Every structure is written in structure tokens, then in C-alpha cells.
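What follows draws every value from the coordinates through simple rules; no lab data is involved. Source: prediction; values computed, not measured. All Cβ positions, glycine included, derive from the backbone under ideal geometry; neighbour counts span all protein chains shown.
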Amino acid sequence: MAQHAQTDLAAFAQPYQAKEGDALKRFPHAFLAFAAAACLSLTCSGCWDYRGLNQLTIVAGFALDEAPDGGYLLSLEIISASSDESDASATKLIQSEGETIADAVYNIGTQFYNNVYFGNTDVLILSRSLVEKNGLYNLVDPLLRDNGIRDNLVILISGEQTAYELLIPQENENTVISFDINNKILNSKKSVTVTRSKELYEIYGILSRQASDLALPVVRFNNPDEKKLVLDGLATFRGERLAGALREEQMQEYLLLVESLSGGGFVLREPGEASEESVITIAIRQSKPSLKYEYGGSGLTYTIEIEVVASAVEFNTEAFKIYRNTENDLQKLEKRLEESISASLENMISEYLEDCGGEKDPPDIFGFADAIYYKDPELWESVRDHWPELFRNARFDVSCRLIINDTGLIKRH
């Protein structure tokens, strides 16, 4: 009986003894795998392409012009690291030429002992003559393919004869010109100002869609003597080709039509009770456009509605006689502003098409084609070939809904 029990106990323990032996046999393999993983992790502990600041030539911005021999002239505004106290300039302008943009970048790299770094580059300025000769797509494509260039790079058109002259450091000025231009662009966003910007990836997307057209900001000197940089309206494109310009006085209406705003102003002028003119200024706190379209036998009709929340910030004497800050006067003023803004926006579209001089192919910088492209791709494919004619002959109905929530005397929430 005891012998039988011992036999059963040995049989019962045998599988566990076998498992223990297998574990001991597998231990060297597990240890080797752990050691290999530990060694591999040592090679993945940081950035594989890390460079110190002393190994980089930092590019703040750059310009592209047509070289004298017909190639490309590349001009880099680099952050100056000079230890010479007599050198007050914050930047230096370095130039090179090449048959292609990539060739010019390579050639300029041979002028430095360290790497040319575009990771902090804010702006690119293109000369008008280069864009007219090569087209915009040929200038944008190599930039987007370069992993070292940010896809939110802002592209501007030079209002001067060349692009590089805008980046030449001025005497006794210690500013980074490209950063200054970018700050002007950033400050202009969301308010009714003189320009609007597009970033590299947005430009490439618009060119690739081949629906609505581009409008890029123009930068120039305020005058030949002072040479202060100013933003001056928009250069318009048809496809990748320069087509014209949007006048500065058209910018306010254009921006109200194409995007939401949270700043800027609007002036209402009308006859007063006496011979003096009534003038009221409102500050735009918030505006939002909405766009609808109908396409049928009568052609293409766009319905645009602008919602505006504003504050009345200035009344002259004649205006105060008409609108005395009562509730009824406030409603009357809102109605008058709605009519004035609607008429102003419709006139802007008409004047823009007239300024195109009856062109066969006027640039659509308003996004009207994109509205069809995104909502009804099949319809867009059917009208794509005769879109310019549709755009020229389209009907535009613009309306405005405006609320004044603050007059300084009466507050309505």
C-alpha cells in the first residue's frame, strides 16, 4: 500500500519536475533576449540627428530672384553670430546661384562649415519677374518636398524690383527683417487690415485643386529713402500665373466676404440734418460669412450672408442728432449699417470683375469655385471647363445681419 502511494506521488510530481527543467533550459535564451533589448534601447535614447547651435547656420528668411544667367539667385537672411561688437547688425545676407532651387541651396551650403538650418525660417519672398517667368508651382513644389523646410512657411511677393533687396540689413538697425515681416503678418490676422497670408501647404493645396485661385501678400518699402517695410494688399493669381492685384481700398470688403474676423472697423457716412455729413464708426467684434449657391438654367447664383457683432465707437455731432442712443435709434442704425455693408460688398465684387478688364479667365480669389468643388464634386467636374464664363456672369446676392452690442452708453447682451 505504501509502495503504491509512493509510485502515485512520483508520477504526480514528474510533470512539475519536467517543467522546472524546461524553465532552467530556457533561462539562457531569455537572458540573451533581455540583454539584446537593453543594448538596443541605448541607441534609441535621443534624437539621432541632433545638432548643437554651434553646428547650425540659422536661416530667418530667404528670397528667390532670377539670376543674371537665367538660373536662380538664392538670398538667405541668417542670424548673425558675430562676436565683433562693432558689428551692430543682427543678420547677414548670404547669396548663391544655381540652375535649380536645390542646386542654389547646395551651393550656398558650401560657404559654411556647418549645416544650413531652415527649421526656424518664417518667410520666403519671391520676385515678381521670377514668378511671371517660372510660374508659382515650380517654385513651391521643391520647397514642400524638402523635409528641412516648414510647411507653414509664409510666401510673399516683392513689390520692389527684386526680392533680395527687402532682406538687406539697414544701417544702424538691429532687427531680424524676416521675423519683423512675420510679426506684421501675424498681427494682421483676424482683423480688417491691408493683407492676408497663405502658408506653403495651403498654397500647394490650392494649386493642386485647380478650383479657386490664390491671392498672396505683397511687401515693399514705404519709400525709397526711409526703406521701412510695409504690407501692401494682395497679388492675385490665375492658376500659378500672376494676374493682377487687389487694391488696398478693396481689402476690407474682400476680407469680410472670405473669412471670419474679430477686429477692424467700418465707417458709415450719410447726409446729416444740416449741410454737415453724419459719420459713425463701428468696431467689428466678430463677423462670419456664409456662402450658398444655386445652379440651374438661369446660371449660377451665390447667396452670401455676413453676420456681424459690432460696437459703435464714434459719433460726430450730426450723427448724434440722428441716432440719439434710444432703443429705436439703435435698431434704425443697425438697419442702416446692414444696408450699407451689403451694398458695399456687392459693389466690391462688381468692381473687382471690372478691374479684371473683362478678362477671359478672371481669378476667383473668393473661394466661389471651392464651394462647388467640396460640396458637389460631380457638378464641379461638369462646369470646370467653362468655369471662367460662369464666374463672370454669376449673380451675387449679399446680405448682412448686424447687432450693435455696445454704444458706450447703452449695453445690450
- Query: Across the range 294-336, what is the number of residues that are touching an Asp or Glu at 6+ places or on another chain (Cβ under 8 Å), assigned to a strand (DSSP E or B) and surrounded by fewer than 16 Cβ atoms within 10 Å (Cβ to Cβ)?
  - Reply: 2
- Only one of these is closer than 17 Å to Phe368 by Cα and surrounded by 15 or more Cβ atoms within 10 Å (Cβ to Cβ): Ala245, Ala211, Ala235. Name it. Ala211
- Task: Go through the range 104-126 and count every residue that is more than 19 Å from the chain's Cα centre (by Cα), within 18 Å of Gly71 (Cα to Cα) and crowded, with 18+ Cβ neighbours inside 10 Å.
- Result: 3
- Task: Hey, could you check the range 127-147 for residues that are surrounded by fewer than 16 Cβ atoms within 10 Å (Cβ to Cβ) and under 17 Å from the mean Cα position of the chain (by Cα) and say which is nearest to Leu234 (Cα to Cα)?
- Result: Tyr137
- When you look at Leu353, is it surrounded by 14 or more Cβ atoms within 10 Å (Cβ to Cβ), in contact with a strand residue (DSSP E or B) (Cβ under 7 Å, 6 or more places away or on another chain) and touching a residue at least 12 places away in the same chain (Cβ under 8 Å), yes or no? no
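Give me a count of the residues in the range 154-166 that are in contact with a strand residue (DSSP E or B) (Cβ under 9 Å, 6 or more places away or on another chain) and surrounded by fewer than 22 Cβ atoms within 10 Å (Cβ to Cβ). Don't jump to the end; show me each part of the working.
If we filter the range 154-166 for residues that are in contact with a strand residue (DSSP E or B) (Cβ under 9 Å, 6 or more places away or on another chain), which is where we start, we get 154-160, 162-166.
From what's left, surrounded by fewer than 22 Cβ atoms within 10 Å (Cβ to Cβ): 159-160, 162, 164-165.
Of the residues in that region, 5 qualify.
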- Task: Taking Ser212 as meeting all but one of (1) small (Gly, Ala, Ser); (2) touching a Pro at 6+ places or on another chain (Cβ under 9 Å); (3) over 15 Å from Leu136 (Cβ atoms), write down the number of the exception.
- Result: (3)
- Would it be correct to say that Ala343 is of a type in the set (A, V, I, L, M), in a helix (DSSP H, G or I), out of contact with any helix residue (DSSP H, G or I) (no Cβ under 6 Å at 6 or more places or on another chain) and surrounded by fewer than 17 Cβ atoms within 10 Å (Cβ to Cβ)? yes
- Query: Of the residues in the range 373-394, how many are without any contact (Cβ under 8 Å) to a residue 60 or more places away in the chain and outside any helix (DSSP H, G or I)?
  - Reply: 1
- Task: Go through (1) surrounded by fewer than 14 Cβ atoms within 10 Å (Cβ to Cβ); (2) more than 17 Å from Pro217 (Cα to Cα); (3) of a type outside the set (Phe, Trp, Tyr) one by one and return the number of the condition Arg150 breaks.
- Result: (1)
- Enumerate the pairs (first residue in the range 112-129 and closer than 20 Å to Lys198 by Cα; second residue anywhere and in a loop (DSSP other than H, G, I, E, B) and aliphatic (A, V, I, L, M)) with beta-carbon separation below 6 Å, excluding pairs fewer than 6 apart on the same chain, so at least 6 apart or on different chains. Phe118/Ile149; Leu124/Leu153; Ile125/Ala163; Leu126/Ala163; Ser127/Ala163
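How about the range 203-287: which strands (runs of 3 or more DSSP E) wholly inside it have at least 2 residues that are of a type in the set (A, V, I, L, M) and in contact (Cβ under 8 Å) with a residue 24 or more places away in the chain?
Those strands (runs of 3 or more DSSP E) span 215-221, 229-238, 241-246.
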